Amino acid sequence: EIGEEAFSFCQNLSTVNLPSTLNELGRGAFQSCKLTSIQLPESIVDIPAECFENNPFVKFEVPSWVETVGASAFTYCEKLEYFVFGEGVKEVGRGVFDNTPKLTTVICLAEEVPTFDHRTYFNDNNSVKNKTLYVPDDVVYKYKNDDDWSKFNEVLPLSDFYKVKCSVSYTGGDS
């Protein structure tokens, strides 16, 4: 187990590979470090509250085996642009995206709509309102009809994300 706030404010910590025997992360374990990369072992099924708050991740992908992402887990990750919830996520806590001004793309791969508390702790109007959510094509309607997930600026099918990401334009010149 890594205890509560065990590595918080470790300013030289940028990359972490956790052992496969680790079974628990404490609240705020890596809060306010300089993490840009972390590998979560399959034994970690919960990302606790404030765990990765205030880190310079640009991209974060929650592995498929993680079931819970706690409140404010990614608050103040001001460089975060792209976020993926794996297909195993069942619960997402309050304020998870508070103060993430660059985050525009969120993908949730879960076929069953996870519980999600869209409310913020800081009256952060950008928490989800200016973000686009991409979900599996066959369950878009479930997310759009959910009281919390529907608060995203747009809820779109995942196939639209791949179309945008994979589109290429030719700007001239001889071939």
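The values are calculated or read from the model by the stated rules, or taken from the named source; none is laboratory data. All of these numbers come straight from a predicted model, not from anything done at the bench. Ideal geometry is used to build each Cβ from the backbone, glycine not excepted, and the neighbour counts take in all protein chains shown. With ligands, DNA and RNA removed, areas are computed over all heavy atoms of the protein, side chains included. Shrake-Rupley method; radii C 1.70, N 1.55, O 1.52, S 1.80 Å.
Counting just the residues of the stretch 1-26 that are assigned to a strand (DSSP E or B) and surrounded by 13 or more Cβ atoms within 10 Å (Cβ to Cβ), which one comes out farthest from the chain's Cα centre (by Cα)? Out of the qualifying residues, it is 2.
Are any residues in the stretch 81-105 crowded, with 22+ Cβ neighbours inside 10 Å and touching a strand residue (DSSP E or B) at 6+ places or on another chain (Cβ under 9 Å), and if so, which ones? Full working, then the answer.
Going through the stretch 81-105, the residues crowded, with 22+ Cβ neighbours inside 10 Å turn out to be 83, 85, 89, 92, 95-98, 100, 103.
Those that are crowded, with 22+ Cβ neighbours inside 10 Å and touching a strand residue (DSSP E or B) at 6+ places or on another chain (Cβ under 9 Å): 83, 85, 89, 92, 96, 97, 100, 103.
Taking the residues in the stretch 127-138 that are of a type outside the set (D, E, K, R) and crowded, with 17+ Cβ neighbours inside 10 Å as candidates, determine which candidate is modelled with the lowest pLDDT. Per the criteria, the residue is 127.
Could we say that residue 53 is open to solvent by 10 Å² or more (accessible area, probe 1.4 Å) and under 20 Å from residue 149 (Cβ atoms) here? Spelling it out, it is not the case that residue 53 is open to solvent by 10 Å² or more (accessible area, probe 1.4 Å) and under 20 Å from residue 149 (Cβ atoms).
Within the stretch 27-46, if we keep just the residues that are touching an Asp or Glu at 6+ places or on another chain (Cβ under 9 Å) and among the small types (Gly, Ala, Ser), the residue that is most open to solvent (accessible area, probe 1.4 Å) turns out to be 43.
This table checks each residue for (1) of a type outside the set (Phe, Trp, Tyr); (2) modelled with pLDDT of 95 or more.
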{"site": "68", "(1), (2)": "yes, yes"}
{"site": "96", "(1), (2)": "yes, no"}
{"site": "101", "(1), (2)": "yes, no"}
{"site": "142", "(1), (2)": "yes, yes"}
{"site": "151", "(1), (2)": "yes, no"}
{"site": "161", "(1), (2)": "no, no"}
{"site": "164", "(1), (2)": "yes, no"}
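Taking (1) surrounded by fewer than 19 Cβ atoms within 10 Å (Cβ to Cβ); (2) among the β-branched types (Val, Ile, Thr); (3) within 22 Å of residue 130 (Cα to Cα); (4) touching a strand residue (DSSP E or B) at 6+ places or on another chain (Cβ under 8 Å) in turn, residue 113 satisfies each apart from (4).
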